[in-house]
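Taking it in order: structure first as structure tokens, then the write-up.
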Amino acid sequence: MRWSSWASFAVASLTIGSGLAQDATRPTTPPANALERVRLGHSGGMCGGFGYCGELTTVDQSFVVRELKGAPNKKKFPDVEAKRATTKREWENLQRAIDTKTLTAAPQTVCGAIVDLPCSWVEVEFRDGTKIGIFYDSMNPTAPVAALLRKVPSVAIKIPVP
């Protein structure tokens, strides 16, 4: 992939981010059993060729997909993706970990990707199209985000980095 692919990833992250800020204010909180998917993202800012610029993990009832987006120097830091099936138990545990009321009320941090600072976010999407999105400090997530993050790593997959 070329620089344009990385730029597309950065733009998509910012677009998702602006959508997260809007969706987090929705008043409805569907039950956890209506869960469609959970997405976790992290961007290292502009990155400038010094490693992996971002990562995205998507978990749904069928699959877990984890992607690392490399720097513009794709020879040294190529984009990497891994995918595997989600077990029934993992999906059930993840659904139980979602407390829609506390996630909706969780405080947001400012995403610094525009000024070349790291940005972490989580998005919980439900079957009715409702989304709860939160930007959080990856070094000090709020209690509801931390509770959710503790369940996602058990579902997430490791990617062997070249």
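Tabulated values for the structure
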quantity	calculated
Matching residues in the range 140-162 - criterion: being exposed (fewer than 15 other Cβ atoms within 10 Å of the Cβ) and at pLDDT 85 or above	N140, A143, A146, R150
Residue check, E92 closer than 17 Å to R37 by Cα, buried (at least 16 other Cβ atoms within 10 Å of the Cβ) and out of contact with any Cys (no Cβ under 6 Å at 6 or more places or on another chain)	no
From the options G129, G133, residue that is at positive phi and at pLDDT 85 or above	G129
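The values are calculated or read from the model by the stated rules, or taken from the named source; none is laboratory data. None of the values given here were measured: they were computed from a predicted structure. When we count neighbours, we look across all protein chains shown, and the Cβ atoms used for this are built from the backbone with ideal geometry, even at glycine.
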